[in-house]
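Remarks on the structure that follows.
The values are calculated or read from the model by the stated rules, or taken from the named source; none is laboratory data. Quick caveat, the model's predicted, so the values are computed rather than measured. All Cβ positions, even for glycine, are placed from backbone atoms using ideal geometry, and neighbour counts span all protein chains on display.
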Amino acid sequence: MIYVSTNNLKPGMILAKDIWGKSSCFPLIHIGTTLGVSTIKRLIDKGIQGVYIECEGCEDIEVNEIISMEEKIRITDEIGKIFKSLQAEKGNIFACVESVSKIADYFVDVVTKNHECLMNIIDIKNYNEYSYVHSMQVGILSTIIGNNLGYKNNRLKELATAGMLHDVGKLNIPIEILDKAGPLTDEEFAIMKKHPDYGIAKLSTCHGLSKDILDGIVTHHEKIDGTGYPRGLKEDEIHVFGKIIAVADVYDALTSDRSYRKSWTPHDTINYMMSCAGNHFDVDILSAFLLSAAAYPVDVLVLLSNGLKGVVINTVAGLPLNPIVKILTPGEHHGEIFDLANDIKYLTIKILDTISDPEEIECILAENKIYSLRKVN
Ligand SMILES: [Fe+2]
């Protein structure tokens, strides 16, 4: 299968994975469905960014997800309920912490059982409730980074909890500021900067949350060079959980569509974050993140520096810019596997870009006989 953004879908393409609707118990569109004009319009109208499509040359390529889509939707719904309860005046904060604790246990379990869990998180971003999806993603990503740093059991669970609850203080920020399409005014930004403190004020009465969790939440917008907020802390003054959550938070935020900008690609985001090592991000924490980051997620089409085009079939821990690519360009290399990380033959070959031009994608898909799999009615 390959990943195709919704705007580049063509009638006749066949879905290689189920499409899940927001908060639904069953798929919106099933695997194996041949897409028609109306189905593609429906996907665009629902704000779905992209889907997985069958490709004759790529049957052996599978997306390895550590958490299934059903589970992600269930957890996102659960986080939504927790946040709504925390917002309500008489919400049961102890029940909320209990629910967060169960999800944190689950994250620790899946992350510690999947030693090479590279991030392949395109599809969950299809679902709209940004703040809940973002809280879940930051919880998972923080757990993965903590696992790479050697954290165990309760320490990892505390980190997962802090990651999920890092933005709970935004419940106190007016929606007009949170959802503003343009840049914030100085006054609005001053209000926004209070959300880490609002978060710990909301949670500090709860005995189920440790000081480390609260310190992680209140420091997640601090920067190593002291230019962050709310306190302008520097280097070791920032709690290590805050440093970890900062990396997870920025990665997930930049790779998500927002009201004021389109999402960045994973490779642009990783390149940008690497340029911020030592000023925004702690170098050791960013390195731990890069061990599991996939700049080019599995199933994305790419153009190589030797002119060949292919699809990413796997990623290599610690080398996010050098994945394993299956060549789709017709000719002598068609079907060949280029391991850009480990095979000395290909070490001089780089990825120039992901392929997003609709005509180019259509050409590659046609050359790989995607349209011949099933007749279009
Ligand atoms: Fe935040």
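Here are a few things to note about the model shown:
- Cβ pairs under 6 Å, 6+ apart, first in the range 171-199 and within 15 Å of the ligand (Cβ to nearest atom), second of a type in the set (Phe, Trp, Tyr): 172/198; 193/229
- Residue count for the range 155-170 under the criterion of being of a type in the set (Lys, Arg) and either within 12 Å of the ligand (Cβ to nearest atom) or modelled with pLDDT under 90 (or both): the result is 1.
- Note on the range 312-349: residues that are assigned to a loop (DSSP other than H, G, I, E, B) and over 26 Å from the mean Cα position of the chain (by Cα) total 13.
- Selection from the range 210-264 of residues that are away from the ligand (no atom under 13 Å from the Cβ), of a type in the set (Gly, Ala, Ser) and without any contact (Cβ under 8 Å) to a residue 60 or more places away in the chain: 210, 226, 232
- Check on residue 134, of a type outside the set (Gly, Ala, Ser), modelled with pLDDT of 95 or more and within 15 Å of the ligand (Cβ to nearest atom): no
- Exclusive hit being surrounded by 15 or more Cβ atoms within 10 Å (Cβ to Cβ) and under 23 Å from residue 222 (Cα atoms), set 269, 265, 329: 269
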